[in-house]
Every structure is written in structure tokens, then in C-alpha cells.
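K.L.:
Below you'll find the structure I mean.
The values are calculated or read from the model by the stated rules, or taken from the named source; none is laboratory data. Being a predicted model, the structure only gives us computed values, none of them experimental. As a convention, Cβ positions derive from the backbone with ideal geometry for all residues, glycine included, and neighbour counts pool all protein chains shown. Each accessible area value is taken on the protein alone, full model and side chains, heavy atoms only, with ligands, DNA and RNA left out. Shrake-Rupley method; radii C 1.70, N 1.55, O 1.52, S 1.80 Å.
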Amino acid sequence: MFSAKGRYVLMVTTAIAAMGCLFYQQYQLASLLGLMLALLIWSHFKQSSILLASKCFKNGEYEAAEEALDEVPDPERLAKNRRGYYEFMRANIALKREEYDDAEYHFQLASRFPLGGKTDKVFVMIHLANLALRKKDKVRILAYLDIAKNMVSTPKAKDIINKIEKEANSL
């Protein structure tokens, strides 16, 4: 749960320590530090700052969450379980800024990746239906709601789906 700079410092420190171990002929310790360095590099690309961004996002610190998300070097390289959260947080931040096209794009990407559970997936579909409702696209609204109905698990989600469906039918 480090920022990119923190991971870079840790990588350099680990590499220097490994070289020091090689200099003093401590090969087992050097190989262990080499494995740690490989793990840090792997986690930099596969995990990145998603946990840090998630913590900020849950605390309502959206600007800090966006800064942490901006540290991700290439979102396409993220692990599948991290990519869903990345897109979900990007979409919600865009929604807060009223950038509806960006929000829709990121919600569509988030719907293709695993999230925490069915409830999260349902709310992604509800957000997509709301964005389609804003555009008055009845076909897409009903398609998103149909997917959400199949996954719905909470009464709150059912109520929201029913309200959106009533509005869609009145179009």
C-alpha cells in the first residue's frame, strides 16, 4: 500500500542491499533480496497504488484517490481484480465531476472485470442505466436493468431498479 515513489525508494534500497550482500559474499541473502526486488517490481505493475486509492476513496478523499490512480503506469497491466476497482473508482470520480461520458466509459469497463461482489456489479449496472436514462436511451436502460435484476441481492438495489424502470417506461 505504498505510493509509486515509496515503491521506487524501496526497490532502490533493496537493490543496494542485494549488491552489498554480493560484495560481502552473502549469496543466500542476496538471492532473497533479489526475489524481494522481483516481487516489488511485479506488484508495481500488477497491484500498483489501487489499495491506497481505495482507502482514500472510501474516506471521501476523491482528489487523493485520483492522484493515487494517476500513479498507475498502465491500467491494462493491472491484475483483473485490481482493474475492476480501478475503473470503478475512475467512474465514480468522473461522476462526481459531472463528466458523464467518461463515467459511462469507465463503468462499462468496470462491468467487464470482477469486483468485490454481486452488489458492486449490480450498482455498476444501475449507474450505467442512470447514465443511459440521462441520454434517454430506453433500449440500453432496459438492457442494463435486465442484467442488474438477474444479480440483485439487496432490497435497496431492487427499489432503485424499480424506480429507474418506471422512468424508462415513461420515455
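K.L.:
Convex hull over the alpha-carbon atoms of the range 120-160: what's its volume per residue in Å³? If you can, show how the numbers build up before the last one.
P.N.:
On the way: hull volume 2.2 nm³, N = 41.
Expressed per residue, the convex hull around the Cα atoms of the range 120-160 is 53 Å³.
K.L.:
Can you compute the FRET efficiency between Asp101 and Ser3 using 1/(1 + (r/R0)^6), with r the Cβ-Cβ distance and R0 = 35 Å? Round to the nearest 0.05.
P.N.:
Working: r = 29 Å, r/R0 = 0.83.
With a Förster radius of 35 Å, E is 0.75.
K.L.:
Excluding residues on the same chain fewer than 8 positions from Lys136, give the lysines whose Cα lies under 19 Å from its Cα.
P.N.:
Straight-line reach from Lys136, under 19 Å: Lys163, Lys166.
K.L.:
Grab the DSSP H runs of the chain that are 4 residues or longer, score each as -39,500 (n - 2.57), total them, divide by all residues and round the 222 nm result to the nearest 500 deg cm²/dmol.
P.N.:
So the helix-based figure for the chain works out to -25500 deg cm²/dmol.
K.L.:
Considering the Cα trace of the range 19-115, what is its radius of gyration and what is Dmax, both in angstroms?
P.N.:
17.7, 59
K.L.:
Karplus couplings for the range 77-87 from phi (6.51 cos²θ - 1.76 cosθ + 1.60, θ = phi - 60°), rounded to Hz, Gly and Pro as x?
P.N.:
8, 4, 4, 4, 5, 7, 5, x, 5, 4, 5
K.L.:
Sort His106, His44 by accessible area with a 1.4 Å probe, largest first. Write down the numbers at each step before the final one.
P.N.:
Working: His106 35, His44 10 Å².
Most to least solvent-accessible, the answer reads His106, His44.
K.L.:
Please say if the range 87-171 is rounded, prolate or oblate, where rounded means a/c under 1.5 for a ≥ b ≥ c the square roots of the C-alpha gyration tensor eigenvalues, and otherwise the choice is prolate for a/b larger than b/c and oblate otherwise?
P.N.:
On the way: a/c = 1.82, a/b = 1.12, b/c = 1.63.
Taking the square roots of the gyration eigenvalues as a ≥ b ≥ c, the range 87-171 is oblate.
K.L.:
Please compute the Cα-Cα pair-distance distribution of the chain with 5 Å bins starting at 0, giving whole percents from short to long.
P.N.:
Over the chain, the share of Cα pairs per 5 Å bin runs 1, 9, 15, 15, 15, 11, 9, 7, 5, 4, 3, 2, 2, 1, 0, 0 percent.
K.L.:
Right, here's the next one. May I ask you to list the lysines whose Cα is less than 22 Å away from that of Lys55, ignoring any residue fewer than eight positions away on the same chain?
P.N.:
Lys5, Lys46, Lys80, Lys96, Lys118, Lys121
K.L.:
Also, quick follow-up: Net charge within 12 Å of Ile164 by Cβ-Cβ distance, Lys/Arg positive one each and Asp/Glu negative one each, not counting Ile164 itself? Walk me through the numbers on the way to the answer.
P.N.:
Details: positive: Arg134, Lys138, Arg140, Lys149, Lys158, Lys163, Lys166; negative: Asp146, Asp159, Glu165, Glu167.
Net of charged neighbours comes to +3.
K.L.:
With springs connecting C-alpha atoms under 10 Å apart, model the chain as a Gaussian network and identify which of Ser48, Ser153, Ser111 has the largest mean-square fluctuation.
P.N.:
Its mean-square fluctuation being the largest, the pick is Ser153.
K.L.:
Separate question: Angle check, please: helix 100-111 long axis (alpha carbons) against the longest principal axis of the chain (alpha carbons), in degrees 0 to 90, nearest 10.
P.N.:
Roughly 70 degrees, rounded to the nearest 10.
K.L.:
By accessible area of protein heavy atoms, probe 1.4 Å, what ranking do Ile160, Ile16, Ile50, Ile41 get, highest first?
P.N.:
Numbers: Ile160 50, Ile16 105, Ile50 5, Ile41 75 Å².
Most to least solvent-accessible, the answer reads Ile16, Ile41, Ile160, Ile50.
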